[in-house]
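Single-structure report; data block below.
The values are calculated or read from the model by the stated rules, or taken from the named source; none is laboratory data. Keep in mind the model is a prediction, meaning the values are calculated, not measured. Virtual Cβ from ideal backbone geometry, glycine too; neighbours counted across all protein chains shown.
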Amino acid sequence: MEQSGSLELHWLPPHPALRAAIRSAQAALQTDPAQAFKDLRLIATHRLDYLATLQVDRLAEAAFKAAPDIWPEIRLALLGSSSAEHLVSPIRVAGARRGLRITPFVGGFGQFRQELMAPGAPLERFEPQVISLNLRPADIIDTLPLAATRADIDAAVKAAILGLVELWRLARKNHGATVIQQSFLATEYPIFGNLDGAVPGSPSAIVDRLNRDLREAAAAEGVILLDIAAWAAAQGRDFWFDPVRWHHAKQLIAPSASVFYGDLVGRLLGAMRGISGKCLVLDLDNTLWGGVIGDDGMDGIVLGQGSGAGEAFLALQHYAKALSQRGVILAVCSKNTHAVAEAVFLEHPDMILKREDIAAFVANWNDKPSNLREIARQLNIGVDSLVFFDDNPAERDIVRQTLPEVMVPEAPEDPAHYVACLADGGYFEAIVFTEEDRARAEQYRGAAARAQSMESGADIGQFLASLDMRMIAAPFTTVDLPRITQLTNKSNQFNLTTRRYTQERMADFAAMTSAVTLSVRLIDRFGDNGLIGVVIALPDAVDPAKLRIDTWLMSCRVLGRQVEEEIVNQLCRIAAARGFTALVGEYIPTPKNGLVRDLYQRLGFTHIAGDSAGGALWSLSLGDFKPMPTAIAVELRHYLEVPNPEAAE
Amino acid sequence: MSTPTDAALLSEITDIMRDLFDDDALAITPAFSRKDNELWDSMNHLNLVFALESKYKIKFSIVDIEEMQSVGDIMKLVEKKTGKA
């Protein structure tokens, strides 16, 4: 089969402007090398294809030449019997992705034995710290007849692996190097077809046997396994091996796999140096389950058997649970009311993850960078060992911008691919599995229970400005009425009065010339968030000169984006244009809307009345109101030319 | 892939070569050949082949790769494989 696609680094975000970023980092190299290295690492942490990888590698080479000491070096020798020049850039860039300066050495074609043995050879002068052996079966095992018996094959494989172990010992003894052994790629085509695996002497059966014994021997010898055979089996051999490249240029690893291959090497070298994830930090709504717990409630969220999406979310939970069993710490970072979020872990029957699986459980309305710092503090680990998994691109972006040390996989839109994203990303690469790993999750739970308070400091203003937010506010229109009604009847958390209205009632508000209705959309550079806010304001029954906010609710996905400030700004503008003297805000407490209890106070309203149940009335005089600064550009439709019965269509 | 005009194709190949040879000012014509640029060595030739294959979602044969010596050769092959000409 002819393969024309490539294995992509699909867990990393695409770079929006690669060439400009490279040029800017090149310039920084002259003036501010430390910044240039940060830029380099950031650029490398994108979904680069092979050509882009070559470009980034030129930047890396220039940076390493200009300032060799900023990042720790790893001297890596690639020895084998195929050409590896096209793997050098992908490996070096994968190192840059982890803050490592990899200095590569490519051995002579098929010269690995002489190089390992001969004193004074170029390999010895290179002084490798790591030697990667990238071999083919023919390098270590004699050609066997197809009719060879199982006993013949067993003996030949055993001898071949013993020979390989000798090479590993040479690499250690003569060079003091750590050894990486690549598994054998099955490049031969089947001779029998389906029967191949059952015939001991078939090439594919021999490769299988070699790989099986190789994995055991590597574990026994403390050699690091680079298991490309396993990846090729999962992803498709044709991504990895291309007969055109083999016959033409003796490339065992096809260019279509080279960038992925580079990252595999990078993550092994990173794991050797302790650079890999320790803690998986999970968002909740639409990450661990479908829907929003605060709005949809325990029986409204999508989780568990019975729906495809519900099973996909379960699959992620199963995977996270398995990670925790191998020693990865689990944490939760969610914009939710703590008790509401926690209840799912305690009470939902389909939850695979239980409360005790989560070492640090942070659910509140603070920004996520602050919460990630808090999680790292509670667990007493570095922020750079957190892997943050969140379905929301805006949350991922603010974390990447304010805490670039945190690893942030680009969660795919379809939850069915969540596990592949985490697994292919290799964030938790390990070179051994120890007793300590098995016990780790338990230790961290204790550590987290002792620590509690919050810290903050992310530059939110800068982040918000970078979102290019645009808010469109319009009176209710016929076409929007279904969505307005749905949102009004579904929203629980950001809902000041929780009044529910039918669509007919909404149409009445739309037609009332004395009412001010707002349907609010928010667009940012990630796209249109859709209709996210609803306001109904009516002349106050007691004092008709005041405009009373009967209903105000918003989708929680836009919290912390200054939408509330901007809505008050616009309400004031409209109310003033219509001759009102003040806004009156009302808060009616429910078990779910504690989030907005202090909203009016925060927005500068004055308390005018309260009741024992916690309800309150607030007022804002329009005479001395000054608009609150926000990072949102506003488009106001059909308000300022009123009163006009046509305005509501 | 829609069928590019010659000028559009030449401009796309120019972009690829600029990235590959790290030369934002590189100007090429169909006559531009491997002899004209020492950076177009055997390694970069393989890189170029792969960049073209990725961009146009095509595969070159061994013979194509060996015979592809100039920008004009590349254009002819790409046009043939993407269905133009």
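Based on this model, can you work out whether residue A:99 counts as of a type in the set (Gly, Ala, Ser) and within 23 Å of residue A:122 (Cα to Cα)?
no
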> When the residues of the range B:24-46 are filtered to those that are over 10 Å from the mean Cα position of the chain (by Cα) and facing chain A (nearest Cβ under 10 Å), which remaining residue is nearest to residue A:257 (Cα to Cα)?
Replying inline: B:46
>> Restricting to the range A:158-192, and then to whatever is free of Cβ contacts under 8 Å to residues at least 60 places away in the same chain and within 19 Å of residue A:243 (Cβ to Cβ), can you tell me which residue is surrounded by the fewest Cβ atoms within 10 Å (Cβ to Cβ)?
In response: A:189
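Taking the range A:204-237 on its own, how many of its residues are assigned to a helix (DSSP H, G or I) and over 26 Å from the mean Cα position of the chain (by Cα)?
Quick first cut of the range A:204-237, residues assigned to a helix (DSSP H, G or I) only: A:204-221, A:228-235, A:237.
Those still in the list that are over 26 Å from the mean Cα position of the chain (by Cα) too: A:204-221, A:229, A:237.
The qualifying residues number 20.
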> Hey, residue A:38 hits all of (1) surrounded by 14 or more Cβ atoms within 10 Å (Cβ to Cβ); (2) free of Cβ contacts under 8 Å to residues at least 60 places away in the same chain; (3) over 20 Å from residue B:21 (Cβ atoms) but one; which does it fall short on?
Replying inline: (2)
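I'd like the full set of residues that are within 14 Å of chain B (Cβ to nearest Cβ) and either touching a Lys or Arg at 6+ places or on another chain (Cβ under 6 Å) or small (Gly, Ala, Ser) (or both), limited to the range A:10-23.
Going through the range A:10-23, the residues within 14 Å of chain B (Cβ to nearest Cβ) turn out to be A:15, A:17-23.
The answer is A:17, A:20, A:21.
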> When you look at residue A:323, is it at pLDDT 95 or above and under 21 Å from residue A:420 (Cβ atoms), yes or no?
Replying inline: yes
>> Within the range A:222-241, does at least one residue satisfy the condition of being under 15 Å from residue A:86 (Cα atoms), crowded, with 20+ Cβ neighbours inside 10 Å and in contact (Cβ under 8 Å) with a residue 24 or more places away in the chain?
In response: yes
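Considering each of A:95, A:107 in turn, give the residue that is more than 14 Å from every other protein chain (Cβ to nearest Cβ) and under 20 Å from residue A:174 (Cα atoms). Steps first, please.
On the way: A:95 fails: under 20 Å from residue A:174 (Cα atoms).
It is A:107.
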> Say we look at the range A:244-264 and pick out the residues that are within 20 Å of residue B:55 (Cα to Cα) and not in a loop (DSSP other than H, G, I, E, B); which of these is farthest from the other protein chains (Cβ to nearest Cβ)?
Replying inline: A:260
>> Tell me yes or no: at least one residue of the range A:535-548 is in contact with a Lys or Arg (Cβ under 8 Å, 6 or more places away or on another chain) and under 28 Å from residue A:396 (Cα atoms).
In response: no
> All but one of (1) within 21 Å of residue A:7 (Cα to Cα); (2) surrounded by 19 or more Cβ atoms within 10 Å (Cβ to Cβ) hold for residue A:250; which doesn't?
Replying inline: (2)
> Which one of A:130, A:93 is buried (at least 21 other Cβ atoms within 10 Å of the Cβ), over 30 Å from residue B:15 (Cβ atoms), of a type in the set (Val, Ile, Thr) and modelled with pLDDT of 95 or more?
Replying inline: A:130
> Of the residues that make up the range A:607-618, is at least one closer than 18 Å to residue A:547 by Cβ, assigned by TED's automatic domain parsing to the domain that holds residue A:520, out of contact with any helix residue (DSSP H, G or I) (no Cβ under 8 Å at 6 or more places or on another chain) and among the acidic types (Asp, Glu)?
Replying inline: no
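Please pick out the residue among A:42, A:59 that is more than 14 Å from chain B (Cβ to nearest Cβ), part of a helix (DSSP H, G or I), at pLDDT 95 or above and farther than 22 Å from residue A:245 by Cβ.
Numbers: A:59 fails: more than 14 Å from chain B (Cβ to nearest Cβ).
Criteria check complete, one pass: A:42.
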> Which condition does residue A:98 not pass, out of (1) farther than 29 Å from residue A:274 by Cβ; (2) in contact with a Gly (Cβ under 8 Å, 6 or more places away or on another chain), if it passes all the others?
Replying inline: (1)
> Conditions: (1) in a strand (DSSP E or B); (2) touching a Pro at 6+ places or on another chain (Cβ under 9 Å); (3) surrounded by fewer than 21 Cβ atoms within 10 Å (Cβ to Cβ). Residue A:519 meets all but one. Number of the miss?
Replying inline: (3)
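Quick one: in the range A:379-406, of everything that is closer than 19 Å to residue A:361 by Cα and among the aliphatic types (A, V, I, L, M), which residue is nearest to the chain's Cα centre (by Cα)?
So in the range A:379-406, the residues closer than 19 Å to residue A:361 by Cα come out as A:379-392, A:395-396, A:399, A:406.
Filter once more, so that each one left must be among the aliphatic types (A, V, I, L, M): A:379, A:381, A:383, A:386-387, A:399, A:406.
Numbers: A:379: 20, A:381: 19, A:383: 15, A:386: 11, A:387: 7, A:399: 10, A:406: 10 Å.
Across the range A:379-406, the extreme among qualifying residues is A:387.
If only one of A:553, A:603, A:547, A:583 is within 19 Å of residue A:337 (Cβ to Cβ), of a type in the set (A, V, I, L, M, F, W, C) and touching a residue at least 12 places away in the same chain (Cβ under 8 Å), which one is it?
Working: A:603 fails: within 19 Å of residue A:337 (Cβ to Cβ); A:547 fails: within 19 Å of residue A:337 (Cβ to Cβ); A:583 fails: within 19 Å of residue A:337 (Cβ to Cβ).
Only one candidate passes the filter, namely A:553.
Identify, please: which residue in the range A:133-155 is under 20 Å from residue A:181 (Cβ atoms) and surrounded by fewer than 20 Cβ atoms within 10 Å (Cβ to Cβ) and is, among those, farthest from the chain's Cα centre (by Cα)?
Within the range A:133-155, the subset under 20 Å from residue A:181 (Cβ atoms) is A:133-142.
Of the ones still in play, those that are also surrounded by fewer than 20 Cβ atoms within 10 Å (Cβ to Cβ) are A:136, A:138-139, A:142.
Values: A:136: 36, A:138: 41, A:139: 40, A:142: 46 Å.
If we take residues in the range A:133-155 being under 20 Å from residue A:181 (Cβ atoms) and surrounded by fewer than 20 Cβ atoms within 10 Å (Cβ to Cβ), then A:142 is farthest from the chain's Cα centre (by Cα).
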>> Can you find a residue that is in contact (Cβ under 8 Å) with a residue 60 or more places away in the chain, part of a helix (DSSP H, G or I) and of a type in the set (Gly, Ala, Ser) anywhere in the range A:315-336?
In response: yes
> Within the range B:6-65, which residues are touching a residue at least 24 places away in the same chain (Cβ under 8 Å), outside any helix (DSSP H, G or I) and farther than 23 Å from residue A:48 by Cβ?
Replying inline: B:28, B:29, B:30, B:31, B:32, B:33
>> For the range A:271-290: of the residues being modelled with pLDDT under 95 and surrounded by fewer than 24 Cβ atoms within 10 Å (Cβ to Cβ), which is nearest to residue A:338 (Cα to Cα)?
In response: A:278
> Of all the residues that make up the range B:33-85, how many are hydroxyl-bearing (Ser, Thr, Tyr) and touching a Lys or Arg at 6+ places or on another chain (Cβ under 8 Å)?
Replying inline: 2
> Of all residues in the range B:66-85 being part of a loop (DSSP other than H, G, I, E, B) and among the aliphatic types (A, V, I, L, M), which is farthest from the other protein chains (Cβ to nearest Cβ)?
Replying inline: B:85
> Across the range A:522-543, what is the total count of residues that are more than 43 Å from the chain's Cα centre (by Cα) and either assigned to a loop (DSSP other than H, G, I, E, B) or of a type in the set (Lys, Arg) (or both)?
Replying inline: 4
> Which residues, taken from the range A:63-92, are under 18 Å from residue B:44 (Cβ atoms) and within 14 Å of chain B (Cβ to nearest Cβ)?
Replying inline: A:83, A:84, A:85, A:86, A:87, A:88, A:89, A:90
> Just wondering, is there one or more residues in the range A:414-430 that are more than 30 Å from residue A:179 (Cα to Cα), without any contact (Cβ under 8 Å) to a residue 24 or more places away in the chain and not assigned by TED's automatic domain parsing to the domain that holds residue A:39?
Replying inline: yes
